[in-house]
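The values are calculated or read from the model by the stated rules, or taken from the named source; none is laboratory data. Every value quoted in this text rests on a predicted model; they were computed, and no experiment measured them. Note: ideal-geometry Cβ built from the backbone for every residue, glycine included; neighbour counts use all protein chains shown.
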Amino acid sequence: MEKYKQIDQSVVILNNDLGQKRLIAYYVSHEECNVSERKILSYMQKQLPDYMIPSVFIALETLPLTSIGKVNRKALFGLKNNKLKREKDCKLARNQIEFQLQRIWEALLGREKIGMKDDFFALGGHSLLAVHLISKVNKTFNVHYPVSWAFMQNTIEKQANKIRHQNTRVMYEPLLTFNEGGSKTPLFLIHPGHGGAEAYIELANLFKKDQPLYAVESQDIYSKEPSSKNIETLAAKYVQHIQAVRPQGPYCLGGWSLGGLIAYEVAQQLSAQNQTVQTIYLLDTFLLSGEERKQHLLVSQVINELLKKNPSHLQLPLRYRKRIEKVGKLQAQMMAKYKTDPYPGRVFLFKAKRKWAISEVFAFDQNALLQNYMDTMFLKGNNGWTQCVAHLEVQLIDGDHQSIMKGKNLRQISTLLQEDIAKYSSLTYRESHCELG
């Protein structure tokens, strides 16, 4: 942190308050400087992997010292809030809804006096904390918001306004809008299996504001009954959601894991309408043969059982866990039935370099059937896509199926995605104008 030009001194400590381990950074800035916490965070994200980035930044007038001149770490834990510098734009809660939200945020983020305009994710929030946030908001206010709502309404002020003016208790937003502006071809990311559109929040934060970016939410996570029984029907609904905001192409489509397979079917259906699909981006998505689809159904049952004992999964609120398990089972059945047709367009595959070690995910249970299946999938050339894609490009990413969506691996994917979309956006624009001419 001290390499940041406006910081004189700093110390980072590991705190385990509220049962959650988090890094807290204490810093002293130049006397004449008003350091922006968001700028510090942005700077550190470029220098360090995610697990080394503090989730909380606290500005101090001076660092407390021991009698021998070393930083007094015990004193840092006991600092009173009135010794901390406050953001100038911090507002106190103005009504009961804002007050309740402020208490929820403070408990989750381990901070005091959060402002009404403070950004949840800039304060150290992430997709897992967003799940807990929405669970508490839904329970407190008797509403039913999806996890992705936390990204769209990322301040206490915005959340309070939505809750106050909400006419219905059920809220399903089919599309999560990250960026609307820009002239490049819009990218629509389809939710993965075992999760919703919140899986792309970290990726979206790495995108520039001139790239239109959306994520398609999983309705099945928030509905009592399955919305579709096969990928074709599900994709048809998603086509409608996409065309509600972008009636005409060109489109870029993509998704992680199962999301890539659904995106592939969405592209097929858009192409059948004579719409232009610029590129499909597959984030370590696999194409299964007939026998592999049958095996996947069996393996998915094993995963669901292991998932119920997984520590990360058990951190999720009970209702959300049950929905994830339900949707995982449903989508495995859909995947087992789906048969792909050849695709004449361009497909870009981000393939993980490392095979997925089950012992790293389910440390308590090394399942031989599951590991053998994952080993087989890893050895599939180009994840099996060569057989049905005419124009396939492959980029290896240094990670496994899970870790490619984190830290430096995700930053690499973000950079490559934006560069590729920009490059082919200009080509698509010229081609469309040549056809019109």
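A few comments on the model shown:
- Hey, VAL137 farther than 24 Å from ILE53 by Cα, at pLDDT 85 or above and assigned by TED's automatic domain parsing to the domain that holds GLU157 or not: yes
- Taking the criterion of being surrounded by fewer than 18 Cβ atoms within 10 Å (Cβ to Cβ), at pLDDT 90 or above and not basic (Lys, Arg), the residues of the range 415-437 that qualify are THR415, LEU416, GLU419, ALA422.
- Scanning the range 385-400 for residues that are in contact with a helix residue (DSSP H, G or I) (Cβ under 8 Å, 6 or more places away or on another chain), closer than 24 Å to GLU265 by Cβ and of a type outside the set (A, V, I, L, M) turns up just one, GLN395.
- For the range 158-173, a residue qualifies if it is in contact with a helix residue (DSSP H, G or I) (Cβ under 7 Å, 6 or more places away or on another chain) and modelled with pLDDT of 85 or more, and the qualifying residues are GLN159, ALA160, ILE163.
- Filter result for the condition that a residue is part of a loop (DSSP other than H, G, I, E, B) and not acidic (Asp, Glu), over LYS237, LYS322, LYS309, LYS329: LYS309
- Scan the range 218-234 for residues that are part of a loop (DSSP other than H, G, I, E, B), under 19 Å from LEU175 (Cβ atoms) and in contact (Cβ under 8 Å) with a residue 12 or more places away in the chain and the total you get is 4.
- Residues (touching a strand residue (DSSP E or B) at 6+ places or on another chain (Cβ under 9 Å) and within 19 Å of GLN96 (Cα to Cα)) located in the range 129-158: ASN138, VAL143
- LEU213 more than 17 Å from VAL239 (Cβ to Cβ), at pLDDT 85 or above and crowded, with 23+ Cβ neighbours inside 10 Å: yes
Yes/no per residue for (1) touching a Cys at 6+ places or on another chain (Cβ under 7 Å); (2) farther than 22 Å from LYS408 by Cα; (3) crowded, with 20+ Cβ neighbours inside 10 Å:
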| position | (1), (2), (3) |
| --- | --- |
| ARG94 | no, yes, no |
| TRP105 | no, yes, yes |
| MET116 | no, yes, no |
| ASP119 | no, yes, no |
| LEU128 | no, no, no |
| SER135 | no, yes, no |
| LYS162 | no, yes, no |
| PHE178 | no, no, yes |
| ALA199 | no, no, yes |
